[in-house]
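The values are calculated or read from the model by the stated rules, or taken from the named source; none is laboratory data. Source: prediction; values computed, not measured. Here the Cβ positions follow ideal geometry from the backbone for every residue, glycine too, while neighbour counts run over all protein chains shown.
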Amino acid sequence: MSNAIAVEMRHITKRFGPVVANNDVSLKIRRGEILALLGENGSGKTTLMNMLSGIYFPDSGEILVNGEPVVIASPRDAFDLGIGMIHQHFKLVDVLTAAENIVLGLEGKLDLKAASEKIAGICGTYGFDVDPSQKIYDMSVSQKQMVEIVKVLYRGADILILDEPTAVLTPQETDRLFAVLRNMREDGKAIVIITHKMHEVEALSDRVAVLRQGSYIGDMLTKDTDAQEMTNMMVGRSVSLNIERPEPKDPTPRLEVKDLTVRSAEGVLRLDDVSFTVNGGEILGIAGIAGSGQKELLEAISGLQPIERGDIIFHNPKKDKPVTFFHKSMRRVRELAKQGAFHDRQGKPVSFDGMSLGAIRKWVESGDVLFREDEIMDLKGKTPLEIRSLGVHLSFVPEDRLGMGLVGNMDMTDNMMLRSYRKGPEGFLDRRHPRALAEQIIEELEVVTPGTSTPVRRLSGGNVQKVLVGREIAYAPKVLMAAYPVRGLDINSSYTIYRLLNKQKEQGVAVIYVGEDLDVLLELADRILVLCGGRVSGIVPGRGADKREIGMMMTHIGGQKDAE
Amino acid sequence: MRNETKREPLIHITRRGMLPWYRAWAIRGGAIALALLVCALITTLVTHQDPLAVFASIFEASFSTQRRTWILFQNIAMLLSVSLAVIPAFRMRFWNLGAEGQMLVGGLATAACMICLRDIFPNWLVIVCMVITSIAAGAVWGVIPALFKAKWDTNETLFTLMMNYVAIQLVSFFIIVWEVPKGAGKIGIINQSTEIGWLPTIGGQKYLLNIIIVAVLTVIMYIYLRYAKHGYEISVVGESERTARYVGIQVDKVIIRTMLFSGALCGLTGLLLVGGTDHTLTTTITGGRGFTAVMVAWLAKFNPIWMIGTSFLLVFLERGAGQISTSFGLNQSFSDILTGIILFFIIGCEFFINYRIAFRHPGKNGGKAHV
């Protein structure tokens with residue numbers, strides 16, 4: 001194809017302090033072509049595109065649009081040149097309609113009717129499914145994204161940049177987006193998509209350009225390459241793209257969630273009658289559109305979210321434990337005995353019928369009255385601290401790493417201490433053990449950091465995640481919950497995380513993995529639970545699961561009535 | 001050629017990475033030198049005085065006589081004491097602007113003990129009562145906004161600020177109740193003849209006890225914030241409440257506990273002012289230290305040890321400013337101008353520590369112009 005060059009970036013360099021985000025990058029963007037910009041995290045893709053859209057200004061180098069050198073000092077300059085960028089986070093006003101959002105900020109007389117007609121025209125040309133009079137708050141994520149794209153087109157953009165557009169979409173929505181993008185390509189627009197997902201690159205793009213550590217590695221036609229070659233270019237060496245999935249060994253129920261119902265502080269139903277069981281030694285994947293209740297589910301299990309109804313029952317793999325009066329009163333002990341909760345060393349049920357209190361006390365204190373710990377561990381309504389003091393080792397890698405899992409301004413040692421600071425001498429902190437743990441994690445997980453006293457917010461995303469996961473694993477969990485643990489991570493770091501999760505699984509830990517990339521879930525999880533609007537849409541085995549089917553289950557309970 | 005007129009912006013600002021400490025301090029030192037230079041310039045231009053003489057008198061204000069040096073250290077000690085009191089709350093991102101009020105009620109409790117108990121208890125017991133009640137009063141004044149914050153998430157900045165005015169009115173009321181002589185509208189020196197409830201002096205130095213107490217407090221506060229579990233919890237709550245909840249810290253408990261502590265220390269400062277040095281109670285006895293402490297704490301980035309330096313700087317400048325206004329016949333406002341200039345430079349230089357300013361490259365631009 002000999003398409004006209006829309007944008008040419010020559011020898012662009014951009015630094016942030018000592019960090020070189022882009023180093024002498026030269027890139028051509030052609031009309032009538034979809035260019036996939038590939039690179040690991042921190043390779044400078046977004047920075048490069050932000051310089052085209054006027055958010056950053058290059059330290060050196062020049063940009064040519066339609067062959068003429070230009071200066072893009074602000075987003076307005078970019079608009080004037082026909083460059084439009086669709087960011088990962090939408091910038092729409094919820095209470096306005098699609099049409100109002102699209103014309104918002106434009107100069108000239110406000111004529112919504114004319115605008116709506118023009119919008120309808122754009123939608124007709126490219127196949128958008130946008131109703132100009134619909135309010136944004138009524139729209140799905142995918143519709144909002146369409147509005148963002150139409151907004152950019154409405155302003156006359158013919159060079160479009162999309163930053164990870166599929167991260168929040170279901171497979172069906174992704175297909176629809178791709179169809180629209182292909183139509184725009186046929187219309188001669190220049191399109192750049194930034195993405196991590198190889199199969200999307202292969203399905204959609206005409207050309208790929210690869211960045212690595214801020215430098216331009218090369219570009220080639222998509223049809224001349226494959227996922228393996230592209231990955232190797234991104235990483236700089238040969239990597240294996242297979243995710244291991246060992247067979248679960250001896251799976252026994254570990255955590256049972258029954259009829260769990262959770263409302264948000266505003267009274268909105270977030271989880272509705274959710275029931276499932278996770279086994280020790282398996283990875284349970286949780287799939288669903290963003291905001292289907294994943295966050296509430298994990299937070300409810302870990303005691304951070306008030307529960308309206310339902311039970312969370314933890315089965316401790318510890319077998320028998322003597323009953324003590326330490327946690328329980330005499331009355332409670334007798335009640336439990338009546339329910340048949342206790343047994344003796346021979347496994348026969350214990351009955352206190354007809355015994356005096358003194359005799360019961362003596363028997364219990366002899367340590368011969370036993371109970372199965374798992375029978376009475378209901379985590380419902382317990383605070384994280386109470387759960388811990390029960391001896392339940394529950395680890396949680398939250399979605400918001402620096403806002404919840406770690407403290408960005410603290411160093412690694414102090415972040416290790418978050419879990420363990422209550423130990424040690426009365427009143428004062430013990431930094432020795434946390435520091436040793438930090439050093440161990442740096443070494444074992446190959447964390448790149450100047451040292452244990454560097455604030456963790458200065459580390460890259462992948463290293464931050466290694467610190468967090470490392471800490472949670474060091475806690476020797478029985479249940480490990482991870483929410484989007486590889487979001488924003490590069491390939492290397494992602495595979496490190498998969499390996500760590502698999503290792504935990506092999507050690508008999510029950511792993512709950514909330515993911516957004518279905519391809520990864522299909523390769524990693526033993527079973528996949530699909531959430532849809534706070535309800536369980538279905539649980540399918542990970543081996544041999546069909547991606548389309550899961551996609552349908554994400555949008556409709558059970559997945560059966562998808563219109564397409 | 002439609003872009004011929006457009007040029008690269010003259011300057012653009014980029015964030016720096018971490019500067020090595022010596023470069024950061026070089027920038028700060030440079031800022032102070034520059035501030036003095038500007039001060040000298042303005043002095044010469046506006047007042048036609050010799051700037052060196054003006055600077056000399058700033059030093060004289062603090063160091064020319066032994067008495068002045070003692071007063072300097074007393075003022076530093078008092079300012080530092082309040083600043084120490086507010087930093088646990090500040091580290092928790094709880095903006096306690098009520099140190100004035102907490103100090104005042106501490107002072108009020110002290111004065112109340114001195115006046116009401118002087119005929120009942122022996123001196124030592126009066127002093128014990130003073131210590132207990134002043135600390136308790138400050139703690140109560142501090143914990144009220146904390147309770148509201150913890151239970152109903154009220155805005156602590158406004159709440160603590162308003163509590164100041166309640167305290168001032170309360171003190172005004174009791175000054176009239178206890179005024180000596182009747183109708184004077186002030187209390188005067190309490191127990192001047194008997195010295196009941198006057199804190200003891202060490203080595204005949206009126207201020208030494210206060211200075212020693214504050215020095216000890218500084219060390220304790222440093223250890224509390226850096227090495228105690230409480231201090232760690234405060235930092236975690238301040239950085240992110242969600243993280244605190246995630247690891248099982250009871251945020252409400254920490255807020256209340258910390259404000260009890262913070263208020264108690266303010267109350268203690270009130271005790272030192274009323275019982276230790278002034279032996280009287282006025283509505284202005286705090287001298288605005290509760291607000292100056294905010295600046296001391298911020299300039300020192302909430303580090304108790306650095307606060308020794310920043311409170312020295314502020315007291316030194318304030319006393320110097322007062323001195324030049326008397327010895328050169330300049331208006332008090334002029335000394336405020338000088339203090340303002342110096343603080344402006346000190347605070348402003350933090351921008352240059354965090355950001356780098358890049359100018360347009362002339363060579364490259366020339367290349368662009370002819371295209």
- Tell me the helices (runs of 4 or more DSSP H) entirely within segment A:406-514 that contain at least 2 residues that are away from chain B (no Cβ under 14 Å). A:432-444, A:461-474, A:491-506
- What is the residue count in segment B:53-62 for residues that are at pLDDT 85 or above and either under 11 Å from B:Ile341 (Cβ atoms) or not small (Gly, Ala, Ser) (or both)? 2
- Query: Failed condition for B:Leu45, given (1) surrounded by 15 or more Cβ atoms within 10 Å (Cβ to Cβ); (2) aliphatic (A, V, I, L, M); (3) modelled with pLDDT of 85 or more; (4) more than 19 Å from B:Gly322 (Cβ to Cβ), with all others met?
  - Reply: (1)
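For segment B:183-225, which residues satisfy the criterion of being of a type in the set (A, V, I, L, M) and in contact with a Phe, Trp or Tyr (Cβ under 6 Å, 6 or more places away or on another chain)? Full working, then the answer.
Applying the first criterion (of a type in the set (A, V, I, L, M)) to segment B:183-225 yields B:184, B:187, B:189-190, B:196, B:199, B:202, B:208-209, B:211-217, B:219-221, B:223, B:225.
Scanning segment B:183-225 gives B:Ile187, B:Ile211.
Which residue is farthest from B:Leu199 (Cα to Cα), if the candidates are limited to segment B:94-125 and must be among the aliphatic types (A, V, I, L, M) and surrounded by 23 or more Cβ atoms within 10 Å (Cβ to Cβ)? Write out each step before concluding.
As a first pass, look at segment B:94-125 and keep what is among the aliphatic types (A, V, I, L, M): B:97, B:99, B:103-105, B:108-109, B:111-112, B:114-115, B:117, B:120, B:125.
Among the residues that remain, those that are also surrounded by 23 or more Cβ atoms within 10 Å (Cβ to Cβ) are: B:99, B:103-105, B:108-109, B:111, B:114.
Numbers: B:Ala99: 22, B:Met103: 17, B:Leu104: 18, B:Val105: 18, B:Leu108: 15, B:Ala109: 15, B:Ala111: 12, B:Met114: 11 Å.
Selected residue: B:Ala99.
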- Note on the structure: A:Val397 passes all but one of the listed conditions (1) touching a residue at least 60 places away in the same chain (Cβ under 8 Å); (2) touching a strand residue (DSSP E or B) at 6+ places or on another chain (Cβ under 6 Å); (3) within 11 Å of chain B (Cβ to nearest Cβ); (4) surrounded by fewer than 19 Cβ atoms within 10 Å (Cβ to Cβ); the exception is number (4)
- If a residue has to be surrounded by fewer than 11 Cβ atoms within 10 Å (Cβ to Cβ) and modelled with pLDDT of 80 or more to count, how many in segment A:107-118 make the cut? 1
- Item | One residue from A:Val71, A:Val147, A:Val130 being aliphatic (A, V, I, L, M), closer than 24 Å to A:Ala190 by Cα and at pLDDT 90 or above | A:Val147
- Single condition A:Glu33 does not satisfy, out of (1) on the phi < 0 side of the Ramachandran plot; (2) without any contact (Cβ under 8 Å) to a residue 60 or more places away in the chain: (2)
- Filter segment A:346-402 for residues that are under 48 Å from the mean Cα position of the chain (by Cα) and small (Gly, Ala, Ser); which is nearest to A:Leu480 (Cα to Cα)? A:Ser395
- Message: Tell me yes or no: at least one residue of segment B:254-266 is over 22 Å from B:Glu233 (Cα atoms) and part of a helix (DSSP H, G or I).
- Response: no
- Report whether or not A:Ile34 is under 28 Å from the mean Cα position of the chain (by Cα), within 30 Å of A:Ala179 (Cβ to Cβ), within 14 Å of chain B (Cβ to nearest Cβ) and of a type in the set (Val, Ile, Thr). no
- Task: Output the residue which, of all residues in segment A:48-69 that are free of Cβ contacts under 8 Å to residues at least 60 places away in the same chain and crowded, with 20+ Cβ neighbours inside 10 Å, is nearest to A:Ser26 (Cα to Cα).
- Result: A:Ile63
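Results for (1) away from chain A (no Cβ under 13 Å); (2) more than 23 Å from the chain's Cα centre (by Cα), shown as yes or no for each residue.
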{"residue": "B:Leu208", "(1), (2)": "yes, no"}
{"residue": "B:Thr218", "(1), (2)": "yes, no"}
{"residue": "B:Ile223", "(1), (2)": "no, no"}
{"residue": "B:Ala228", "(1), (2)": "no, yes"}
{"residue": "B:Glu239", "(1), (2)": "no, no"}
{"residue": "B:Thr243", "(1), (2)": "no, yes"}
{"residue": "B:Tyr246", "(1), (2)": "no, yes"}
- Flagged in segment A:78-128 as within 26 Å of A:Val192 (Cβ to Cβ) and small (Gly, Ala, Ser), in numbering order, are A:Ala78, A:Gly82, A:Gly84, A:Ala98, A:Gly105, A:Gly121, A:Gly124, A:Gly127
- Task: Looking only at segment B:196-208, decide whether some residue is part of a helix (DSSP H, G or I) and modelled with pLDDT under 95.
- Result: yes
- Message: Need pairs with beta-carbon distance below 9 Å; first residue closer than 11 Å to B:Phe312 by Cβ and within segment B:72-86, second among the small types (Gly, Ala, Ser) and not in a helix (DSSP H, G or I); sequence gap 6+ or separate chains.
- Response: B:Asn75/B:Gly287; B:Leu79/B:Gly287
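Look at A:Gly403 and say whether it is touching a helix residue (DSSP H, G or I) at 6+ places or on another chain (Cβ under 8 Å), assigned to a helix (DSSP H, G or I) and within 9 Å of another protein chain (Cβ to nearest Cβ).
On the way: touching a helix residue (DSSP H, G or I) at 6+ places or on another chain (Cβ under 8 Å): yes; assigned to a helix (DSSP H, G or I): yes; within 9 Å of another protein chain (Cβ to nearest Cβ): yes.
In short, yes.
Does A:Leu92 count as buried (at least 23 other Cβ atoms within 10 Å of the Cβ) and away from chain B (no Cβ under 14 Å)?
Values: buried (at least 23 other Cβ atoms within 10 Å of the Cβ): no; away from chain B (no Cβ under 14 Å): yes.
No; evaluated as a whole, the condition is false for this residue.
Pick out the one residue from A:Thr166, A:Thr125 that is under 24 Å from A:Asp80 (Cα atoms) and among the polar types (S, T, N, Q). If you could, list the steps in order and put the result at the bottom.
Numbers: A:Thr166 fails: under 24 Å from A:Asp80 (Cα atoms).
The conditions single out A:Thr125.
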- Task: Determine which single condition B:Ile135 fails, assuming it passes every other condition in (1) touching a residue at least 24 places away in the same chain (Cβ under 8 Å); (2) not in a helix (DSSP H, G or I); (3) not hydroxyl-bearing (Ser, Thr, Tyr).
- Result: (2)
